[in-house]
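Every number here is computed from the coordinates shown, using simple stated rules; none is lab data. This is a predicted model, so every value here is computed, not measured. Reconstructed Cβ throughout: ideal geometry from the backbone, glycine too, with neighbour counts over all protein chains shown.
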Amino acid sequence: MSRKLSHAHWGSFDAEIIGDRIEAVAPFQHDRDPSALMGSVPSAVHAASRISQPMVREGYLLRGPADTGRRRGAEPFVPVSWDEALDLIARRLADVKEKHGNQAIFGGSYGWSSAGRINHARTLLHRFLYRFGGCVDQVTNYSWGAAAVLLPHIVGGIEAVAGPVTDWPSIVKNTDVMILFGGAAEKNMLITTGGAGSHETPGWFRAAKEAGVEFVSVSPLKRDCGDWLNAEWLPIRPGADTALILALAHTLIVQDQVDHAFLGKYTVGYDRFRDYVLGIPDGTPKSAAWATELTGIEADKIAALALRIAKGRTMLTATWSLQRADHGEQPYWALIALAAMVGQIGLPGGGFGFGYGSINGMGTPRRPTSSPAMESGKNPLGIAIPVARMADLLLQPGRTIPFNGKTIVFPDVRLVYWCGGNPFHHHQDLNRLVEAWNRPETIIVHDIWWTATARQADIVLPATTTFERDDIGASPRDRFIVAMPQLIAPVGAARNDYDIFRDLSSRLGTEEQFTEGRDIRGWIEYAYERCRTKARAQSVDLPVFEEFWRDGFVEVPPPIEDFVLYADFRSDPIAHPLQTPSGLIEIFSETIASFGYANCPGHPVWLPPKEWHAAKIAERFPLHMISNQPSTRLHSQLDDAKLSKESKVAGREPVLINRNDALVRGVSDGDIVRLFNDRGACLAGAVLSDDILEGVVQLASGAWYHPQDYGTPGSLDLHGNPNMLTRDEGTSFLGQGPSAQSVLVEIEKFTETAEEGGFAMPDLASDQTC
Ligand SMILES: Nc1nc2c(c(=O)[nH]1)N[C@H]1C(S)=C(S)[C@@H](COP(=O)(O)OP(=O)(O)OC[C@H]3O[C@@H](n4cnc5c(=O)[nH]c(N)nc54)[C@H](O)[C@@H]3O)O[C@H]1N2
Ligand SMILES: Nc1nc2c(c(=O)[nH]1)N[C@H]1C(S)=C(S)[C@@H](COP(=O)(O)OP(=O)(O)OC[C@H]3O[C@@H](n4cnc5c(=O)[nH]c(N)nc54)[C@H](O)[C@@H]3O)O[C@H]1N2
Ligand SMILES: [Mo]
């Protein structure tokens with residue numbers, strides 16, 4: 001047996017290896033709060049759902065892209081050799097490029113891939129395709145797509161949502177109360193992009209509590225704040241946060257608690273916002289009483305909260321989920337306006353910052369040294385769609401959509417190449433995606449497991465996990481850089497994405513540009529050394545590569561001083577202006593107003609979501625479904641592994657239902673239920689609870705989509721993927737972010753004989769081997 005340190009998005013761990021198997025894992029010695037997710041690693045790596053070798057859909061192998069009667073996902077796959085598969089892909093890419101140009105190749109390939117920064121699947125696909133003339137790409141992200149577009153207009157950059165935000169030492173020492181819109185669920189703190197040597201966020205929350213910081217959790221779900229935080233729970237109807245924030249602003253105005261000196265010196269456009277809040281242009285004051293109707297929170301509680309916010313040092317924060325909703329720009333913009341009215345932006349422990357409760361490492365002290373990374377370079381085609389408009393792109397070639405003041409024209413996509421993401425997990429309205437996915441002539445997917453995306457491809461290539469290759473892991477939200485030496489031989493015929501793309505590049509005449517003469521190990525050393533040079537410029541001495549690789553990790557020392565977001569700007573707004581047109585915080589944005597978008601006007605406004613409890617359609621679908629991040633896996637990763645499998649109820653993803661809602665529907669704990677609306681339906685396993693607001697149900701994202709009939713829109717998902725039900729519409733014309741959280745459903749007890757709910761292996765044609 002040997003023992004080696006390794007690393008994943010859910011943290012670093014020691015792996016125990018016997019032969020070519022990872023048998024067990026143990027926490028990394030420096031991790032303050034190791035994540036239980038590591039316990040799923042052995043079963044995931046050695047799962048029966050691993051793709052064993054390259055595969056081609058039978059109809060595609062026989063008829064190629066002319067195969068119009070294709071039934072992706074329903075037909076058998078034929079195993080082929082690596083050479084056959086790579087020759088086929090190279091031929092097809094060259095063919096599409098020649099006949100239709102690079103704009104017919106969609107290589108956006110959104111997805112988290114794995115924590116290794118060199119074998120980063122999506123980056124490698126981009127690196128490969130950009131050297132082949134480019135591809136249609138995706139910009140922004142599913143996590144905070146609306147904020148990514150909004151914040152640069154309002155505060156001149158994305159720091160407030162991506163980090164660095166005001167750090168925890170500053171909060172622990174200075175904050176009186178922290179208002180958590182969307183809570184701060186411990187489950188979310190298990191994860192960081194690029195992984196974490198140490199999970200520090202839970203510890204910082206605890207330290208803040210011990211230092212006397214008070215917490216208020218505004219959320220429909222009680223468990224969005226663990227009991228350990230002793231937070232006051234203010235249950236709110238999903239989608240109503242903007243109304244609450246406007247009412248808090250209204251209370252501050254009528255109670256004369258507004259910091260006019262701050263507004264005058266650091267902001268523009270407050271007067272227009274104030275008039276709107278007072279109801280001058282529309283006759284509707286956004287008072288606490290007005291918001292009670294919308295939020296379900298009593299007016300006196302709203303007024304008391306406003307006064308509490310104004311009284312001491314207050315940190316206002318919201319989870320990223322709030323902006324993954326219809327008009328998701330509004331709660332963020334409104335919260336910034338509220339923070340400006342309170343006047344504490346740029347003060348220690350005060351102001352605002354998003355995502356403290358969304359991901360591990362937000363606010364963890366970290367020197368601004370760079371992380372090692374692979375580079376994709378620039379897309380020579382220069383065409384990119386907002387990330388979540390992916391099904392629109394495939395369905396509607398030639399259509400134009402507004403996006404952040406510009407117009408995007410959808411090209412005619414013939415070939416889709418996905419590597420490191422799982423759209424049949426992450427995209428909204430999966431029935432619509434099935435329809436869209438049927439359009440392109442060729443779909444190529446690299447994955448490790450038979451996810452629904454791999455299963456619905458024409459050509460499937462098996463990728464190694466990070467544990468089967470050398471790599472390096474790091475995150476800007478963590479102090480550790482971690483060596484990721486290969487632990488075991490590749491499982492089956494799996495190959496590294498890097499090697500696959502190198503061999504494809506070689507067939508297409510771009511190998512030298514792709515590799516720049518380096519193999520994987522060469523890139524790891526190069527990336528580490530570059531990072532070391534940059535660190536030196538900031539007086540941080542990192543060991544040489546050999547030493548780092550031998551020791552397995554390096555810890556970048558924490559900064560000496562606390563970090564306070566916008567402190568420079570506050571100290572001198574002339575010398576340190578924000579990168580906005582005015583150089584100030586834009587409570588009213590002339591730029592956004594000039595776009596003329598009714599769904600995102602020039603200042604924060606209340607715009608009711610199309611789907612929520614007060615919509616007409618609630619008569620038919622009265623339950624608001626939250627599809628949040630899962631506690632037992634990372635998105636769809638590790639679903640077919642220990643922790644996630646153990647959490648299933650009757651073989652389905654658990655759905656949390658308020659006890660009263662269950663009672664009137666005759667649903668008991670452990671029943672299989674059917675969730676449905678006009679877009680689709682899925683099964684799930686009922687879990688009854690009092691910790692969820694009445695009228696709200698919660699079904700975590702990430703259960704592998706397993707329809708009764710693959711490739712057929714409208715088919716029932718047997719396993720519990722919430723994206724069967726979600727809406728595939730942009731947050732607004734500004735951000736065009738995903739709006740998964742604004743969705744209504746109905747639930748009924750499922751009384752038919754249920755088929756198997758979990759993973760389903762695709763059929764493999766048995767008469768062919770490679
Ligand atoms: N309803 C609803 N939907 C949501 C959300 C929500 O809140 N509600 N959240 C959204 C958010 S915030 C996000 S970030 C997305 C996440 O969506 P994704 O990032 O697409 O989800 P993952 O499951 O992480 O998908 C990564 C895929 O890459 C594969 N993979 C991992 N490592 C490698 C590798 O080295 N090589 C290759 N080739 N493949 C690899 C995994 O097997 C997996 O299939 O989901 C979004 N979807
Ligand atoms: N364990 C685990 N952790 C993860 C991930 C994972 O897959 N697994 N994914 C990571 C990723 S990619 C991301 S982007 C982040 C996402 O981080 P978040 O977006 O913060 O995570 P969610 O779990 O989607 O949402 C947090 C909570 O917001 C609440 N909420 C939903 N709608 C509303 C609303 O309208 N109003 C209010 N007030 N609250 C609402 C829900 O109850 C939900 O539990 O999580 C990261 N952390
Ligand atoms: Mo995300």
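Things worth noting here:
- Taken one residue at a time, the phi angles of the stretch 310-321 give Karplus couplings (6.51, -1.76, 1.60, θ = phi - 60°) of 7, 6, x, 7, 10, 9, 9, 9, 9, 5, 5, 4 Hz. Gly and Pro are set to x.
- Arranged from fewest to most other beta-carbon atoms within 10 Å of their beta carbon, H260, H327 become H260, H327.
- Each of S636, S505 has some number of other Cβ atoms within 10 Å of its Cβ, and from fewest to most they run S505, S636.
- FRET E, pair S81, D572, Förster distance 51 Å, beta-carbon r, rounded to 0.05: 0.20
- Theoretical FRET efficiency, 1/(1+(r/R0)^6), r = Cβ-Cβ of V664 and H100, R0 60 Å, to 0.05: 0.65
- For the chain, the spherically averaged projection of the C-alpha convex hull amounts to 31.0 nm².
- Counting only lysines at least 8 places from K534 when in the same chain, those with an alpha carbon closer than 24 Å to its own are K378.
- Proximal charge balance of Q741 [Cβ under 14 Å; K/R count +1, D/E count -1]: -4
- Gained length - R620 relative to D709, 0.36 nm times residue gap less alpha-carbon distance: 29.4 nm
- Computed label-point distance, nm, for sites K406 and A537 using a 7 Å Cα→Cβ extension: 2.7 nm
- Per-pair calculated FRET efficiency, R0 = 25 Å: L62 and M761 via Cβ, rounded to 0.05: 0.70
- Counting only aspartates and glutamates at least 8 places from K4 when in the same chain, those with an alpha carbon closer than 15 Å to its own are D14, E16, D20, E23, E468, D470, D471, D551.
- With eigenvalues of the C-alpha gyration tensor scaled by 5 and rooted, the stretch 616-749, Å: 21, 19, 15
- Amide H contacts of C225 (H built 1.01 Å from N, under 5 Å, at least 5 apart or other chain): A184
- Relative contact order, whole percent, for the chain stands at 21, derived from Cα pairs under 8 Å and 6 or more residues apart.
- From phi via Karplus (6.51, -1.76, 1.60), per-residue ³J(HN,Hα) for the stretch 686-700 in Hz, x at Gly/Pro: 6, 10, 8, 7, 9, 8, 10, 4, 4, x, 10, 10, 10, 10, 4
- Between V696 and H624, N658, the built amide H atoms are under 5 Å apart, and every one of these is 5 or more places off in sequence or on another chain.
- Potential lengthening between E529 and R91 on full extension [0.36 nm per residue; Cα-Cα distance subtracted]: 153.9 nm
- Net lengthening on full extension, D20/E694 (0.36 nm per residue, minus Cα-Cα): 237.6 nm
- Relative contact order, percent, the stretch 616-749 [alpha-carbon distance under 8 Å, six or more residues apart]: 33 percent
- Converting phi to 3J(HN,Hα) with the Karplus coefficients 6.51, -1.76 and 1.60 and the offset θ = phi - 60°, the stretch 53-59 yields 6, x, 9, 10, 4, 4, x Hz in sequence order, with x at every glycine or proline.
- Take every pair of alpha-carbon atoms less than 8 Å apart whose residues are at least six positions apart; their mean separation over the length of the stretch 391-468 yields a relative contact order of 27 percent.
- Kirkwood radius and radius of gyration were both taken over the C-alpha atoms of the stretch 365-479, and their ratio Rg/Rh is 1.03.
- Over 23 Å apart at the Cα level, from the set K173/K301; K187/K645; K173/K311; K222/K616; K265/K406, are K173/K301; K222/K616; K265/K406.
- Close amide H contacts of V25 (hydrogens built in the peptide plane, cut-off under 5 Å, sequence separation of 5 or more or a different chain): E16.
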